[in-house]
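Please read the structure below before turning to the comments.
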Amino acid sequence: MTPHPVVLATPLAGFTALQDLDLDSGDYGMLLLLETGLPASLTRLHLGQWLDLDASLDVMQQMSRLPRLRELSLRFAPYSAGDYEPLASLPELTALSLDLCQEIPGCLAQLRLRSLELVGTPFEGEDAPDDVAAQLAAAIAPLQSLTHLSLHPTAGINAPPGPVCASAAALSSLQSFAWLGGDPHAADPLPAGAWLASLRELVLPVRIAASSGGVLLTAQRLERLALDWQDGHEQLHIQVLRWAPHHPRLSTVAACLDSPVVVEEARHCEHARPSLKVVPNQGLLPSMSTPVSGSPSPDELVF
């Protein structure tokens, strides 16, 4: 039996003190009726899996009525690049997260973002990997105010990280960068660039991290490095754990500690520099909400 969508008809505009709203119907789909409205007091909004029908609430048009909105998270947004234009009118919007959304907003360069997360976005099954990488690289290149950037291309689309990392390397304020998924065989080292003066945490496929020791040793502010598992990860982890103690400020390496040889190398790593800790990497991603209230403090940049 096909599940019916969740229908929300409750008028919300009257909740004048509401600041944080999270609406997500899971796999059922959600229908926001015209009378639903959204309160102008919102500072954070998450919407997931809603249906865009003629008789439903025009969510994007509602955005222009949310002048205090700082954080916006959308999942399965049914929009083309041009449909996001109302976001450009939001003076306080600094954090945007898109999960499995069809296209990247065309107005991205007009936003004053400090935090951007794109998971499975753009979500186009027919796009070639190089096209996805080119779209991501072009989208982030103008975003010079970014401090947090997390990118996870759609599963099955082996987007090469090279173009994206080249764009990210030019972002002089970037403190946290995550690249997950993409081409599993990519092994080119990260490029040098302005980001080496500001990066404080990285989440990377272990293959890229293993080849990037020479570059990352020059990232003087780097404090935390999380390694994503890949086939053949044991020797790759060992390569990282051998250069990590030579980094002057690195304090945490999150690694896949499911192998005795990696665990043993982790012990050698910690012995070589006791202030450096090697921890399990389960569920470790940078927080994408820290930049909203200003520059994140060292205590906020934790895994």
Self-check item: Test: residue in segment 176-196 that is free of Cβ contacts under 8 Å to residues at least 40 places away in the same chain, surrounded by fewer than 21 Cβ atoms within 10 Å (Cβ to Cβ) and either of a type in the set (F, W, Y) or not in a loop (DSSP other than H, G, I, E, B) (or both)
Solution: yes
Quiz item: Hey, L96 hits all of (1) within 18 Å of the chain's Cα centre (by Cα); (2) within 27 Å of H185 (Cβ to Cβ) but one; which does it fall short on?
Solution: (2)
Exercise. Report, by residue number, each residue of segment 123-138 that is modelled with pLDDT of 90 or more and more than 14 Å from Q102 (Cβ to Cβ).
Key: A133, A134, L136, A137, A138
Quiz item: When residues of segment 206-258 are filtered for being touching a residue at least 60 places away in the same chain (Cβ under 8 Å) and part of a strand (DSSP E or B), how many remain?
Solution: 2
Quiz prompt | Residues satisfying the stated conditions in segment 81-133, i.e. among the basic types (K, R) and either over 27 Å from L199 (Cα atoms) or surrounded by fewer than 20 Cβ atoms within 10 Å (Cβ to Cβ) (or both) | solution = R112
Exercise. Considering every residue within segment 120-135, establish whether at least one is out of contact with any helix residue (DSSP H, G or I) (no Cβ under 7 Å at 6 or more places or on another chain) and in contact (Cβ under 8 Å) with a residue 60 or more places away in the chain.
Key: no
Quiz prompt | Any hit, segment 201-211, residues being surrounded by fewer than 20 Cβ atoms within 10 Å (Cβ to Cβ), more than 29 Å from L100 (Cα to Cα) and touching an Asp or Glu at 6+ places or on another chain (Cβ under 9 Å) | solution = yes
Quiz item: Any residue in segment 279-294 that is surrounded by 14 or more Cβ atoms within 10 Å (Cβ to Cβ), at pLDDT below 85 and touching a Pro at 6+ places or on another chain (Cβ under 6 Å)?
Solution: yes
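The values are calculated or read from the model by the stated rules, or taken from the named source; none is laboratory data. Computed from a predicted model, the values in this text were never measured in an experiment. In this analysis, Cβ positions are derived from the backbone assuming ideal geometry, glycine residues included, and neighbour counts consider all displayed protein chains.
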